[in-house]
Amino acid sequence: MKLQYKKLALASLLIYRQYIRKGKQKLYLLSKRVFLISAKMAEADEQLTLLDWHPSPFTTRVRIALAEKGLNYESRQEDLSNKSSLLLEMNPVNKQIPVLIHNGRPICESMVIVQYIDEVWNHKSPLLPSDPYQRAHARFWADYIDKKVFPIGRLMWASKGEVKAASKKDLIECFKILEGELGDKPYFGGESFGYVDLSLIPFYSFFYTFETLGNLSIVEECPKIVDWAHRCLQKESVSKTLCDQRKFYEVLLELSRGGPEPKWSSVGSIDLTPLNS
């Protein structure tokens, strides 16, 4: 049934493109309506499950991508200290979140999943540019973010003395380089929220942690990045998905003290009550 919906959507898409060229506006609008309905029916037949952990910036990327596409999915919160049999089955190599299970088939690694979502559901809110050079450019900067922001930030909050001071300097330099790439554009890709924005914005949840444990002010050091983040937060797909900055800080402190992993409700609120209480 799912394949039939997709074939119908594709056929109607080709028809209304032909009508546009011939100037038959009414028939074009009718065919477009059939295409949109068929696409929605195809989506409804999909089964999507996300193996998730709310504070993770990597699962946040996937949740934002799914929200941008307007897709319904089941979120299964993982206990990272006691990983589920489903996670171990779906990602036997790295045994890590996120994993998106699409009709029983797993896709792993956050930005691989985002690309998959963008390619499969390509009729709405494109995340990657259509131009091959621009697409490669976006992938370069997403890779830069993966290799710099989290590793440097983690080193800064987990270290002391000269190592902390050096990592703090490196983190500020990283954000300044990203400010240079952003320039005067509203988003990294130009006028619309896209792939690079999606890869970086989950780390906005870390800003309070960076500032508190690193003794720095991101808004003073990198005001363009903060302005950009506030612009992203105007999007519902972002604002309703990000982990609260102070709650993330509480999670980190609890885990660093060797306490139990915090529990998360279905709406993402945090409960720091010990599991055995």
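Computed from the coordinates by the stated procedures, all read-outs in this text should not be read as laboratory data. Just so we're clear, the structure is a prediction, and the values are computed from it rather than from any experiment. Cβ coordinates were reconstructed from backbone atoms using ideal geometry, including for glycine residues, and neighbour counts include every protein chain displayed.
Run the Debye formula on the Cα coordinates of segment 168-253, all scatterers equal and no solvent, and tell me log10 I(q)/I(0) at q = 0.19 1/Å. With no solvent term, the Cα-only Debye profile gives -0.87. Applying both filters, DSSP loop and at most 14 other Cβ atoms within 10 Å, to the trypsin sites (Lys or Arg not before Pro) of segment 81-176 gives Lys95, Lys124, Lys160. Take each peptide in 205-215, 66-76, 179-189, count the other Cβ atoms within 10 Å of every residue, and average; sorted highest first, the result is 205-215, 66-76, 179-189. Extending 7 Å from the Cα toward the beta-carbon at both Glu162 and Glu181 defines two label points whose distance is 3.1 nm.
For Arg246 and Leu80, the FRET efficiency from 1/(1 + (r/R0)^6), where r spans their Cβ atoms and R0 equals 30 Å, is about 0.90. Multiplying each eigenvalue of the alpha-carbon gyration tensor of segment 77-141 by 5 and taking the square root yields semi-axes of 28, 13, 9 Å, largest first, rounded to whole angstroms. Amide H to amide H, with H built 1.01 Å from N, Ser75 comes under 5 Å of Leu50, counting only residues 5 or more places away or on other chains.
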